[in-house]
1. What value, in deg cm²/dmol to 500, does the helix sum -39500 (n - 2.57) over DSSP H runs of n ≥ 4 give at 222 nm once divided by the residues of chain B?
2. How would B:118, B:103 line up from fewest to most surrounding beta-carbon atoms within 10 angstrom?
3. So for B:177, A:75, fewest C-beta neighbours within 10 Å to most, what's the order?
4. Could you grab the relative contact order for chain A? Cα pairs under 8 Å, six or more apart, rounded to a whole percent.
5. So, in Å, what gap is there between the alpha-carbon centers of the stretch B:189-213 and the stretch B:1-41?
6. I'd like the mean, over residues of A:81-94, of how many other protein chain beta carbons sit within 10 Å of each residue's own Cβ.
7. Given contacts defined as C-alpha pairs under 8 Å and at least six residues apart, what's the relative contact order of the stretch B:102-166, whole-number percent?
8. Cut-off is 10 Å between beta-carbons; in what order do B:130, A:199 appear when sorted fewest neighbours first?
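Read-outs: derived from the displayed coordinates by stated rules, not from any lab. Small disclaimer: the values here were computed from a predicted structure and weren't measured. Backbone-built Cβ (ideal geometry, glycine too); neighbour counts: all protein chains shown.
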């Protein structure tokens, strides 16, 4: 059998993806939730465009806006409960079982998260695509935009994972990490551009959001899918690299301190 | 090089922080005070003691999860906390209250994953898996999701999963907790058989006298982080004739609490 460490983590991701598909009912309910959300947003944006009397807002047609939301919602709703899982590992002592394996804890969690997230994202995208094809019809994404999207989306997932992983590690010091998780996820939703593209934000807010890593996880990939653009690609890539260094650095520091604090939970 | 488990003057203190308003009080709690022990390869040892005696802390140091405050440990020639990932290839562990199987997938899928995790050669993996399926009678539920298995079936699969990479040392922490009489009896028999046939070193912690009686040949009792008794089970039976092992252990615990040493 292959001794390549990549095989180990790829297989962990593959197993996590299969595990996530085990409950067909949950997969269907996730897709149904996505369809409902998109229908509501479509109605809202239809009213906004009608009231503004504009065919474009922030450079987006109504079709592009709805497709943008398909992507941002698919990204956001595919986010696994990484920080809560780590929090639970720490509190219940399940971390001990993980540390008995010839594996890196962080890489194991990353592989599991990516495996789960790819499945969830694919299901959400499929459901969203089906709904908006019926409601607003297709758009024509550019080939270059699709390639840039495909390149940046996995990096966005890794940056987001690092953010949640860092929050999960705080369980070594905090009673509960739920508060931090909520703040982080709301920042990702709002500053990340989940509800609307950054082009629609007021100029000052737009300028701040573009300088935060959150936009590179949600807005960047979704914008590239819908409308392409090498400037957006460059900006997103720079912010993703910054996010990798920022969150990666925090994770490394926290993990080093946290593993020194591992305590015996008895039993 | 000594291939079993060797422990010399092992000690582990935890710092306990308490806040009294804005004042921070830090106190030191000794979980393991001083443990020295030598377990030769292939031996099965029950490591027992009352709750809070330091058993789990010791196991966590032996498996490299915890760093000791002082002392020396060698497991299969490895220093656990320094060589944790290398040591992991040579040890297995079963925690009765924690599962290593993927809950929504069949045990067979976890076995496939473990084969990759431990870099087991395909032919070796298939041979070991077949042997475990046969001995642990896993065939009927190998392809059934773990969530649909009974606790007895799950624990058989758990132990089999921990043996898949043919570890030389197996740590068992309350492996039969929650099992019914028949399932407990079956599991003990399987562990005992694997220990004898494969020369596996077994390090068992359990509050169940039946586990100790069936699986172990030697018993080490600890209390307040120190060894208070280390003897062969056969020798204990001679010392306390007419008593069951459970009664013997109860007497040892009582005398330890009353006088600080076994009678």
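1. Value at 222 nm, helices only: -11000 deg cm²/dmol.
2. Arranged by neighbour count, lowest to highest, B:118, B:103 become B:103, B:118.
3. Going from least to most buried by this count: B:177, A:75.
4. Details: 306 pairs, mean separation 69.2, N = 267.
RCO, chain A: 26 percent.
5. If we compute the Cα centre of each part, the gap is 26 Å.
6. Taking the mean over all residues of the peptide, I get 1.
7. On the way: 61 pairs, mean separation 32.9, N = 65.
Over the stretch B:102-166, the number comes to 51 percent.
8. Listed from fewest to most nearby Cβ atoms, that is B:130, A:199.
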